[in-house]
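Only the coordinates and a few stated rules stand behind these numbers; no lab work does. This structure is a prediction, so every number in the text was calculated from the model and none was measured. Backbone-built Cβ (ideal geometry, glycine too); neighbour counts: all protein chains shown.
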Amino acid sequence: MDVASVADFYQRLGKNNLDTLGEIYHNDVVFEDPAHKLSGLNSLEAYFHSMYSNVNSCHFEILSADQVDQRGYIKWLMTLSHPKLSSGNSIEVEGLTFVEFRDGKVIHHRDYFDLGAMLYEHLPLLGRVVSTIRRKLGQA
């Protein structure tokens, strides 16, 4: 297993093939993103099933990837459509995934992305608050 295989896997990942997560993830995987920290393949599978059951669509475009020894990164652009976010319109979020391998599978997966850009900015009331805060901080 290598970073290129993981990147390819994510470009093909969808609601209909979530049962293949065990092909790339170690049974003892630790998965982290800005909102979750999960341990074990069973927890990861439950998380992905829950996440994908609630979205209209989710697609990853791989922008770059690199690996040194048993560690690597994948830079990606996720296009997501969720019925409760942005009136169901597509949202694009850039992110970076760090992966570490053991026994030919991913043992550690950590995603870095702006949770506000993905979630908070697209909720009706909270979105206005986040936009106001960003504007006052000079980020908008």
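Quick notes
- Among residues of the range 1-41, those that are over 13 Å from residue 111 (Cβ atoms) and assigned to a helix (DSSP H, G or I), counted: 18
- Within the range 50-66, the residues that satisfy the criterion of being closer than 13 Å to residue 80 by Cα and either hydrophobic (A, V, I, L, M, F, W, C) or in a loop (DSSP other than H, G, I, E, B) (or both) are 51, 54, 55, 56, 58, 60.
- Pairs meeting the criteria (first residue in the range 9-36 and closer than 13 Å to residue 99 by Cα, second residue outside any strand (DSSP E or B) and among the β-branched types (Val, Ile, Thr), beta carbons under 8 Å, at least 6 apart or on different chains) are 24/6.
- Residues that are free of Cβ contacts under 8 Å to residues at least 12 places away in the same chain and crowded, with 16+ Cβ neighbours inside 10 Å within the range 52-67 are absent altogether.
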